[in-house]
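Here is the structure we will look at, set down as structure tokens.
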Amino acid sequence: MIRSVAVVGAGAAGLVTARELLRAGFEVTVFEEAHAPGGVWIYTPNVETDPLGQVGERIHSSLYASLHTNLPRDIMAFDDYPFDSSGGGHDDWPRFPEHTRVLEYLERFTRDFDLEPHIQFRARVTALEPTASGWRMRIAQADGEALREFDAVAVCSGHFAAPRVPQLDGADAFPGTQMHSHNYREPSAFRDRRVALLGTSASGLDLSREIAGVAARTYWCGELFDELPDAHRHEGRLSRLPAIDALRSDGRLVLRDGSTTEPIDDLVYCTGYHYRYPFIDSTLLTIDDNWVQPLYRDLLHIEHPTLALVGVPFRVLPFPLFEMQARWFARLLGGHFRLPPASAMHDHTAREIEALRAKGVKQRHFHQRTIDCFDYLDALADEAGVARAPAWRRQTAAALLAVLEKSRGNARNTPIPHFAPTVVPDDSIAR
């Protein structure tokens, strides 16, 4: 019998996991290192002493001051808690709200589902180990350390706080400043400077455009630009270039096509994050080039099936994915369905990895899915015996992907068809 469940983290994943577990009748305790719920959505202007975020003090948030969501709020919300006035938002909020609105949504979610009594704030999990009957956790709090035991654990600590910085030849001799986007807050430090950014995901898109507004020259470098036509490579003071192969001691960048740039003053790595679970021993969970194993469905520890890691997949619809994973785990712990044997779960994972390798997917991208992640969500729903994602989510995701392709990532300024039972401003809907 599973009765007590610990949840590590009170960000979006931890909050919805706690709600699903409470709905299923479990005794739930959430451990959150910060002073309030919200996780990475709690903004701070402070940055780390190491601009690359590799050593020294750690700051959890990676938000920059101007950040807006890169997903429409109607598709971002939890199933029964819309991002409008009927749920945790407001009808007149923009379709792509700023980060302060997302935090407000999560704060209201915490209040409306009465989650705060179940959360211990300023409580950091320092160790997690299996016992004969469940799990033992060591918790560091202001009044000292405590040991707690639980029947099951959901780890919801996220993976956007430990910067990943690729090893580039010549980095040690490069005379310019180097920093990771994790420690970027606003662009004033780059005024009238020559700035390069490496990485073509969401942060690279946002930061390159924001920095280009103040810098003398901005170079946005990455693999996605290798085949861009010349007409799309230069816009004002922003140039799109191939990925960086090496850095030179004179400040120039050596690009993937063999060309070099002018001397650069600042290099910003928009290169993602490491998966880190420092409280879980490596004999229990291994992370090899951002591949976390052994996991069934990117979620459940195969050898210890009362341990779930909620939120491992990335480049997805995060809040709905957290919710479905949490629902699946709650149903599993409640005995509503049976897992395959451990050998079958290992085989299932091995087949998925073999298919990814056959497609040429890099190991650090094995947990990457897409905005259109509904096959994965449907598989969880079917196994758990719960309703699949509503059709309007698929419709909205398809519309968003079409807009992203046409707008070269500039979806926030493009009307997107509206299918959800969520109120959004008329000017953000395609006619």
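The values are calculated or read from the model by the stated rules, or taken from the named source; none is laboratory data. For clarity, every value in this text was computed on a predicted model and none was experimentally measured. Here the Cβ is made from the backbone with ideal geometry for all residues, glycine too, and neighbour counts use every protein chain on show. Quick note on the areas: whole protein, heavy atoms, side chains included, nothing else; ligands and nucleic acids left out. Shrake-Rupley method; radii C 1.70, N 1.55, O 1.52, S 1.80 Å.
Before we move on, is ASP91 touching a residue at least 60 places away in the same chain (Cβ under 8 Å), open to solvent by 10 Å² or more (accessible area, probe 1.4 Å) and of a type outside the set (Gly, Ala, Ser)? It is true that ASP91 is touching a residue at least 60 places away in the same chain (Cβ under 8 Å), open to solvent by 10 Å² or more (accessible area, probe 1.4 Å) and of a type outside the set (Gly, Ala, Ser).
Would you mind finding the one in LEU321, LEU339 that is in contact with a strand residue (DSSP E or B) (Cβ under 9 Å, 6 or more places away or on another chain) and closer than 24 Å to GLU20 by Cβ?
Details: LEU321 fails: in contact with a strand residue (DSSP E or B) (Cβ under 9 Å, 6 or more places away or on another chain).
After ruling out the rest, the residue left standing is LEU339.
When the stretch 382-431 is filtered for residues that are open to solvent by less than 50 Å² (accessible area, probe 1.4 Å) and basic (Lys, Arg), only ARG393 remains. Could you tell me which residue of the stretch 45-70 is nearest to the chain's Cα centre (by Cα), considering only residues that are within 11 Å of GLU186 (Cα to Cα) and open to solvent by less than 20 Å² (accessible area, probe 1.4 Å)? The residue in question is LEU63. Which of the residues spanning the stretch 191-204 are over 21 Å from HIS274 (Cβ atoms) and either out of contact with any strand residue (DSSP E or B) (no Cβ under 6 Å at 6 or more places or on another chain) or part of a loop (DSSP other than H, G, I, E, B) (or both)? ARG191, ASP192, ARG193, listed by residue number. What about ALA127, is it part of a strand (DSSP E or B) and within 17 Å of VAL16 (Cβ to Cβ)? No, not satisfied.
When the residues of the stretch 312-335 are narrowed to those that are outside any helix (DSSP H, G or I) and open to solvent by less than 10 Å² (accessible area, probe 1.4 Å), which ends up farthest from ALA398 (Cα to Cα)? Quick ask: steps written out before the conclusion?
Initially, the stretch 312-335 is screened for residues outside any helix (DSSP H, G or I), giving 312-317, 334-335.
Next cut, open to solvent by less than 10 Å² (accessible area, probe 1.4 Å) only: 312-313, 317.
On the way: VAL312: 23, PRO313: 19, LEU317: 12 Å.
Once the filter is applied, the top-ranked residue is VAL312.
Filtered by the rule that a residue be open to solvent by less than 40 Å² (accessible area, probe 1.4 Å) and either in contact with a Cys (Cβ under 7 Å, 6 or more places away or on another chain) or of a type in the set (D, E, K, R) (or both), the stretch 24-44 gives a lone residue, GLU32.
Can you tell me which residue in the stretch 1-10 is surrounded by the fewest Cβ atoms within 10 Å (Cβ to Cβ), limited to those that are in contact with a Phe, Trp or Tyr (Cβ under 8 Å, 6 or more places away or on another chain) and not in a strand (DSSP E or B)?
Quick first cut of the stretch 1-10, residues in contact with a Phe, Trp or Tyr (Cβ under 8 Å, 6 or more places away or on another chain) only: 2-10.
After this cut, where a residue has to be not in a strand (DSSP E or B) as well, the list is 2-3, 9-10.
On the way: ILE2: 19, ARG3: 12, GLY9: 27, ALA10: 30.
Among residues in the stretch 1-10 that are in contact with a Phe, Trp or Tyr (Cβ under 8 Å, 6 or more places away or on another chain) and not in a strand (DSSP E or B), the one surrounded by the fewest Cβ atoms within 10 Å (Cβ to Cβ) is ARG3.
Residues in the stretch 11-23 include at least one that is among the basic types (Lys, Arg), over 15 Å from LEU309 (Cβ atoms), open to solvent by less than 30 Å² (accessible area, probe 1.4 Å) and at pLDDT 95 or above. The set of residues in the stretch 384-418 being assigned to a loop (DSSP other than H, G, I, E, B), in contact with a Lys or Arg (Cβ under 9 Å, 6 or more places away or on another chain) and modelled with pLDDT of 95 or more consists of GLY385, VAL386.
In the stretch 163-179, of all residues being farther than 10 Å from TYR273 by Cα and part of a strand (DSSP E or B), the one that is farthest from the chain's Cα centre (by Cα) corresponds to ASP169. Residues in the stretch 336-352 that are within 23 Å of ASN290 (Cβ to Cβ) and open to solvent by less than 30 Å² (accessible area, probe 1.4 Å): MET345, THR349.
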